[in-house]
Amino acid sequence: MSDTLADNKTTTAGPTDGLAVLEQTRSAAETHGIPLAVLLEITHRCPLQCPYCSNPVELDRGSTELTTEEWKKVLSELAELGVLQVHFSGGEPTARKDIVELVQHATDVGLYSNLITSAVLLTKDKLSALADAGLSHVQISFQGNEPMVADRVAGLKDAHRKKLEVAKWTRELDMPLTVNAVMHRQNLHQLPDIIQMAVDLDADRLEVANVQYYGWALKNRAALMPTVEQIEETSRIVEEAQVRLKGTLAIDYVVPDYYALRPKKCMGGWGRQFFNISPAGKVLPCHAAESITGLEFLSVRSNHSIAWIWQNSEAFNRYRGTGWMPEPCKSCEFREVDYGGCRCQAFALTGDAGNTDPACALSPRHEEIFKQAERESAGSQNRFLYRNFAGGTLETDQHQGERQEKPHGA
Amino acid sequence: MASRNISVSETSRPKLPRHTKLKFDETRQVWVILAPERVLAPDEIAVEVLHLCDGVRSVAEMVDQLAEKYAAPREAIATDVIAMLQDLADKGFLTEARESTA
């Protein structure tokens, strides 16, 4: 592992925990103030089938989703609590017919709203209605810079063209645009072109987010894991572009934590500054938290307020702060820097969410897991398991044959 | 559409873009700037300056006003104000009023 990688940090993490500016001015020991922003996964339905989807493998069916009135009540309650921003996400948030109504309600109660979308269901009229309803920011996911790779990763024909169109409308409507590029072995070679694409689309921000390996992505790790060399090259490209495009395009960069020495401060620490609400109304410390078995997550449909769930529920308190930590975290000088890394990853890779995240070099499992990832990154298993409600569908040869070039030759 | 890469000078007439909102956060009792996936906590002086950024006032006028109010050297105020506004502009949280093309 190189020094450059060791020094890499997630400058700002994704949509979920990049809102810690206020919290950063407080002491780390001051634990769980009301989050500044909340992620609302209003549906798990999505026309895309990305193999690294951050939704849980067990998706919430449409029939279990909160109703319009229930979401409105949630929005009002959040605003009252002191939450300042909401991210409408999914699944595909615009798959819900009431999306405009929900954004309008967020505006009415004083919340700043972001839309995190695949864009493929949006018409110009719908986007315009969202802008009129007070939507302040649109974040569009891109799977590559051209349809050949992008549509294959998304598992949807014509997706890329549609995304470009919606990105253009977003700027025409004078809304800020973030391009969210999820990167992995099979599209990292397109990064310079993706950066240029973001500039050409007049985006304000680009998130270069390496895949984080839980849930669907963990199932697809062998097909997605980049090589160390690819990551080093990526860091160089991003750092160069950050300097070159200062004032034009802000670039946030998330490295895959498998190749870091220190784990990421996942969610800013469990139950410290972030929660999300699932389609069925569960209040979760992280969008992957339901993958951890044995924790009971309470719903907004329970008799408890969101504030009570955040402050008092067992699931939120289970890994809050530092008291739960085993060694080597317990006596580690970084315990309030990274809070032991990611609980979901610890669970997925070690079977116990209370273990040190194996992404940490101090974890007894780090070496073994890193080596395995390294082997996978050098392998030739490129076939995706697409995300869907049926537990995933393996990519067919026909799909694979549509590729023009060997995708990880970069 | 908001212009990017603006260079703040005394003749600039900056304003917050539509998607950047200056708001008093009742829960935390502080002023905040809400922007895409960001919440900034400007200090008192920054809040005062931002309240003056209406797209009509020039930076020079703001500086005059502040220099008088705080009985401070104009030059020092100008340097601070421009640096602060430039920083916000670089992050995309400040834009300039456009000349009317009509």
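Read-outs: derived from the displayed coordinates by stated rules, not from any lab. This one's a predicted model, so the numbers in the text were calculated from it and none came from an experiment. Note that we place each Cβ from the backbone using ideal geometry, even for glycine, and neighbour counts take in every protein chain shown.
Taking H placed 1.01 Å from N in the peptide plane, check which residues at least 5 places from B:VAL39 or on another chain put their amide H under 5 Å from its amide H. Placed amide hydrogens put A:VAL21 under 5 Å from B:VAL39. Residues of segment B:16-54 with an amide N closer than 12 Å to a point placed 7 Å from the Cα of B:ALA97 along the Cα-to-Cβ direction: B:16, B:52-54. With neighbour counts taken as other beta-carbon atoms within 10 Å, the residues A:GLU41, B:GLU96, B:GLU75 rank, fewest first, as B:GLU75, B:GLU96, A:GLU41.
The label-point distance for A:ARG61 and B:ARG74, in a model that sets each label 7 Å from Cα toward Cβ, rounds to 7.4 nm. Overall, segment A:287-354 carries a charge dipole of about 160 debye about its Cα centre when +1 sits on the Cβ of Lys and Arg and -1 on the Cβ of Asp and Glu, all other atoms neutral.
Taking 1 over the mean of 1/r across every pair of different Cα atoms in chain B, what Kirkwood radius in Å do you get? Don't skip to the answer; put the middle values down first.
Values: mean 1/r = 0.0713 Å⁻¹.
That comes to 14.0 Å for chain B.
Ordered by the count of other Cβ atoms within 10 Å of each Cβ, fewest first, A:TYR258, A:TYR386 give A:TYR386, A:TYR258. A dipole drawn for segment A:235-305 from +1 and -1 charges on Cβ atoms has a positive end, and of A:CYS286, A:THR248, A:CYS266 the residue lying farthest that way is A:THR248.
Ordering B:TRP31, A:GLN186, A:VAL57 by the projection of their Cα atoms onto the charge dipole of the protein assembly as shown, which places +1 on the Cβ of Lys and Arg and -1 on the Cβ of Asp and Glu, puts A:VAL57 at the extreme positive end. Residues A:PHE297, A:PHE384, B:PHE24, ranked from the fewest to the most other C-beta atoms within 10 Å, line up as B:PHE24, A:PHE297, A:PHE384.
Spatially, segment B:48-94 and segment A:333-373 are offset by 47 Å when compared through their Cα centroids.
From the helices alone, meaning DSSP H stretches of at least four residues, give me the mean residue ellipticity at 222 nm for chain A, per-run term -39500 (n - 2.57), in deg cm²/dmol to the nearest 500. Working shown, then result.
Numbers: 17 runs with 141 residues, N = 410.
Counting only the DSSP helices, I get -9500 deg cm²/dmol.
Tell me, what is the percent relative contact order of chain A, built from C-alpha pairs under 8 Å that lie six or more residues apart? Mind dumping the intermediate values first?
Values: 793 pairs, mean separation 82.7, N = 410.
Computed over chain A, the figure is 20 percent.
So in chain A, what percent of DSSP beta bridges are antiparallel if you round to the nearest 5? Each step should come with its number before you reach the end.
Values: 5 of 36 bridges.
Around 15 percent of the beta bridges assigned by DSSP in chain A are antiparallel ones.
The distance between label points at A:SER299 and A:ASP397 comes to 4.5 nm (points 7 Å beyond Cα on the Cα→Cβ vector). Summarising the amide proton neighbourhood of B:LEU22: residues at separation of 5 or more, or on other chains, whose placed amide H is nearer than 5 Å comprise B:LEU34.
Placing unit charges on the Cβ atoms only, positive for Lys and Arg and negative for Asp and Glu, gives segment A:134-233 a dipole magnitude near 500 debye about its Cα centre. With the charge dipole of segment A:49-138 set up from +1 on Lys and Arg Cβ and -1 on Asp and Glu Cβ about the Cα centre, the Cα lying farthest toward the positive end among the listed residues A:SER89, A:VAL109, A:SER76 is that of A:SER89.
Listed by chain and number, the lysines whose alpha-carbon sits under 27 Å from that of B:LYS15, ignoring those within fewer than 8 places in the same chain, are A:LYS168, A:LYS246, B:LYS23, B:LYS69, B:LYS91. For the protein assembly as shown, a simple Cβ point-charge model (Lys and Arg +1, Asp and Glu -1, everything else neutral) yields a dipole of about 960 debye relative to the Cα centre.
Amide H to amide H distances under 5 Å link A:LYS282 with A:VAL300, where only residues 5 or more positions off or on other chains count and H is placed in the peptide plane.
Suppose only helical runs count, i.e. DSSP H with n ≥ 4. What mean residue ellipticity at 222 nm does that imply for chain B under -39500 (n - 2.57) per run, divided by all residues and rounded to the nearest 500 deg cm²/dmol? Spell out each step's value before the answer.
Details: 3 runs with 38 residues, N = 102.
Helices in chain B give a 222 nm mean residue ellipticity of -11500 deg cm²/dmol.
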